[in-house]
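Novice: Submitted below is the structure of interest, expressed as structure tokens.
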Amino acid sequence: MKHLNKKEWKKNTKYIAGSTGAVALAVASCVAGITGTGTDVAKHDKEYLAGDDKASDTDATTIMNTDDLADQLADNVNLKEKDVDKDETVYVFAKANGDVDNILVNETLKNRDKSDKIEDTTDLKDIVNVKGDETFTQNGNKITWDAAGNEISYQGTTDKQLPVSVKATYYLDGNEISPEDLAGKSGKVKIRLDYTSNETVTKDVNGKDEDISVPFVAVSGMVLGDNFTNIQVTNGKYLAQGESNIVVGYAVPGLDSGVKDAAKDLDTEIPDYVEVSADVTDFSLDMTVTMLVNGSEMNYSGDLDLTDLDDLTEALSSAGNQLADGSGELSDGATQVSDGAGQLSDGAGQLASGAGTLADKMGDLTTGAGSLKEGMESLSSSSGDLASGVAVIDQSAQSIANGINTLDAAVNAKMTDEEKAAVQKQAGTAAASAVETQFAAGTDTYKYIYGQAVSNYTTNMNAATDALYQQYKAEMFDTMVDSALAGKAALAAQAASAGAAEKVKQDAENAGRTDIDQIAQEAQTAGALAFAKAYNDYMGNDSNRTTIQNDVDKKLKDLAQATTAGLVEKGSAAIGQSVVDACKTAASSAASTAAGSAAVQGAETAKATIASQIEATQANGYSLVSGANALAKGTSTLAGSVPALKNGISQLVNGANALASGAGQLKDGAVSLKSGAGTLKTGVDQLKDGAGQVADGAATLNENLVALNDEAIKKMISAYNGDVKDSVARLQAAMEAATEYDSFGGKSDDAAGVTKFIIKTAAISAE
């Protein structure tokens, strides 16, 4: 039995990526469906998807608007067909960034039995019948419809959190920008849609209860105008249709990180975002539509039953043990053959010496010849196993030599800048941590530096009050005086202006004038003249300026005193802390630099030491490198000699057959037998030597098969029982959680439900 290679392991664990592959297939089908004509959707679906952003009618052969795309997304998302009692569609109105504005839920209650009444459970508010005139009664969250044999379709609202949040982020020329500010702009634009699962359930994972996120499949679509060029899509598809650029992307939010990592090892990516980039002129974007269903509702062929893999590992383990045991039995048998060949050699010698009496004992010779024939045929049948064993040994030796040569190349290669940076970072972090401990609050170092800084700061600040006042006076006095004088002059002028304007209006009213526009113009002119005169009068009064100068001077003195006192009271702690932090930063930088350099030097020294060890010549004349290469060369030579050995064994078989068939002739030719007995002994001696070689090869084969079982098969099984099995178990739990999620607005426990979400973001426009 051969051991499984990486490709075969992938084949047996393919269902880890099964659902993701199916989602990709569903998206591909969705994109393909967009280019054709889809089936019609319900009226309320079309109305929701169009909303207030309904585009103007255009040539359908050249332009697809967002409403068309939304319809076809709803038509082409490939869901499982199943009998349900309650069909639910959740319509979400969102801002351009994905924030939810409001939610409308449409519920359809099937009535296969044409019952007069249908009982339902719901969490919705503002419930209305959208299909007929049937009425209902409600008790808490239990409602009963007077169905009269009809199917019931009703709508309601809710403020519940969605199971999946959609966040839209916009970038212009590499910088994040709000949707409002992006409207009408030109440049390199990136739109990223991130999907986050908000729904968790508790599931048994390998005998332990864990919180598992419910996985969902999100399919988002948008239509980009001809002002979008050089379009690129991550985790989606892009196609041009007439003058429209259609983008459809998909993601699978809610899967465990371990499942994603396992899928990545199997060359499968499980996305949780969609990203679109393009060169754009005068940016605008119609609504974005996202179809959202739980992972179990998508059609896929994955089988999450662990039984097959468990059976496979048990069979592999059993086969490995049997292979090791069987090779041991082969080794024992080969040894017995070798011993038997020695005995046969001794018997051939006796045959040569007793050829004179052979004629009297030909009956015994005939029997012995038959036994010899059977033994030779058995030896011939075992030679095929010997060839297979030698081939395995040769393959193992080649792998060992390749591995050691790879190690030798690695330790002799110079460290890259990236490797040095990683070593420096690790050592520097450790050194910085030690400095952090030394400077932690409460340590002697911290207390001493902090106390000295506070003392110096307090002394300096108390001596700076007068200097600060002079500085304030030099920098701010004239400006503050002018500003205060101008402000008060403006207030006086404003009052005079208002009074003059009001007087003009009053005089006009008293005069009975009705030319309102002229009156207003005259009032404005009178007010402006009064404002200018009053302002100049106030500004030209020296008494006013002197009063304000004295007030400003006092305020500057008070400000200087308050500033220094406040700085001493409120700033001493900050100054003390900042000095400590500065000292700590300097010490940390120095320690990190020194430790990083030392660590790089140590790593280079270690590599050089390993290189010298594996390349050092031992007492046998070989190093680890040259010895592994010599072993590989030797096993290749051994493998090349196996055909010659098999040919020699075949010749011995033919000789044994001839010996058995010629026993009767030997009875009549005893004299000839005497001369040929010596030749027989020579051939048997050769058989003995060959059998010895077979025994040695079988023993080596047994050692290698035992090592294969211990070091390869058992480790492979251990790996499966670890990471692979854990990832599969988590995926199985996630899919069970998805299967169980069948309602957003609520339903009865005994009812079968299905739910989907349609999320519409607001359009972005410069208008």
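The values are calculated or read from the model by the stated rules, or taken from the named source; none is laboratory data. Because the structure is predicted, anything quoted here is derived from the model rather than measured. When we count neighbours, we look across all protein chains shown, and the Cβ atoms used for this are built from the backbone with ideal geometry, even at glycine.
Novice: Taking the stated definitions as given, is Asp146 out of contact with any helix residue (DSSP H, G or I) (no Cβ under 6 Å at 6 or more places or on another chain), without any contact (Cβ under 8 Å) to a residue 60 or more places away in the chain and not polar (S, T, N, Q)?
Specialist: Criteria met by Asp146.
Novice: State which residue is nearest to Leu292 (Cα to Cα) when the search covers only the stretch 179-231 and only residues that are hydroxyl-bearing (Ser, Thr, Tyr) and either buried (at least 21 other Cβ atoms within 10 Å of the Cβ) or at pLDDT below 95 (or both). Steps first, answer last, please.
Specialist: Step one: list which residues in the stretch 179-231 are hydroxyl-bearing (Ser, Thr, Tyr), which gives 186, 195-197, 200, 202, 213, 220, 229.
Those still in the list that are either buried (at least 21 other Cβ atoms within 10 Å of the Cβ) or at pLDDT below 95 (or both) too: 195-197, 200, 202, 213, 220, 229.
Working: Tyr195: 10, Thr196: 12, Ser197: 11, Thr200: 16, Thr202: 22, Ser213: 15, Ser220: 9, Thr229: 28 Å.
The residue in question is Ser220.
Novice: Same structure again: When the stretch 111-126 is examined, which residues are found to be touching a residue at least 24 places away in the same chain (Cβ under 8 Å), over 21 Å from Asn294 (Cα atoms) and surrounded by fewer than 16 Cβ atoms within 10 Å (Cβ to Cβ)?
Specialist: Within the stretch 111-126, Lys114, Ser115, Asp116, Lys117, Glu119, Lys125, Asp126 meet the criteria.
Novice: Let me ask another. Any residue at all in the stretch 435-449 that is small (Gly, Ala, Ser), closer than 15 Å to Ala562 by Cα and outside any helix (DSSP H, G or I)?
Specialist: Within the stretch 435-449 (the criterion being small (Gly, Ala, Ser), closer than 15 Å to Ala562 by Cα and outside any helix (DSSP H, G or I)), the answer is no, since none of the residues qualifies.
Novice: Among the residues of the stretch 462-476, is there at least one that is assigned by TED's automatic domain parsing to the domain that holds Ala582 and aromatic (Phe, Trp, Tyr)?
Specialist: yes
Novice: Working carefully through the options Val653, Val642, find the one that is under 30 Å from Glu377 (Cβ atoms), modelled with pLDDT under 80 and touching an Asp or Glu at 6+ places or on another chain (Cβ under 7 Å). Break it down into steps so the answer makes sense when it comes.
Specialist: Details: Val642 fails: touching an Asp or Glu at 6+ places or on another chain (Cβ under 7 Å).
None of the other options fit; the residue is Val653.
To keep it simple, each residue is scored yes or no on (1) in contact (Cβ under 8 Å) with a residue 12 or more places away in the chain; (2) over 18 Å from Glu436 (Cβ atoms); (3) part of a helix (DSSP H, G or I); (4) within 46 Å of the chain's Cα centre (by Cα).
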position	(1), (2), (3), (4)
Ala574	no, yes, yes, yes
Thr593	yes, no, yes, yes
Thr609	no, yes, yes, yes
Ala628	yes, yes, yes, yes
Ala632	yes, yes, yes, yes
Val642	yes, yes, yes, no
Ile649	yes, yes, yes, no
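Novice: Ok, one more. Collect the residues in the stretch 96-126 that are in contact with an Asp or Glu (Cβ under 6 Å, 6 or more places away or on another chain) and in a loop (DSSP other than H, G, I, E, B), keeping them in residue-number order.
Specialist: Lys110, Asn111
Novice: Oh, and also: Which one is farthest from the chain's Cα centre (by Cα) among residues in the stretch 481-539 that are basic (Lys, Arg) and part of a helix (DSSP H, G or I)?
Specialist: Lys503
Novice: Here is a further query. Return the pair list, or none, for Cβ contacts closer than 6 Å from residues in the stretch 413-441 that are within 23 Å of Gln577 (Cα to Cα) to residues that are small (Gly, Ala, Ser), at least 6 apart or on different chains.
Specialist: Ala431/Ala591; Ala431/Ser592; Ala431/Ala595; Ala432/Ser588; Ala432/Ser592; Val435/Ala587; Val435/Ser588; Val435/Ala591
Novice: Return yes or no: is Val600 assigned to a helix (DSSP H, G or I), aliphatic (A, V, I, L, M) and farther than 30 Å from Glu418 by Cα? Can you show your working first?
Specialist: On the way: assigned to a helix (DSSP H, G or I): yes; aliphatic (A, V, I, L, M): yes; farther than 30 Å from Glu418 by Cα: no.
Answer is no for this residue.
Novice: Also: With among the polar types (S, T, N, Q), touching a strand residue (DSSP E or B) at 6+ places or on another chain (Cβ under 9 Å) and within 21 Å of Ala752 (Cβ to Cβ) as the only criterion, which of Thr157, Thr137, Thr144, Thr169 stands out?
Specialist: Thr144
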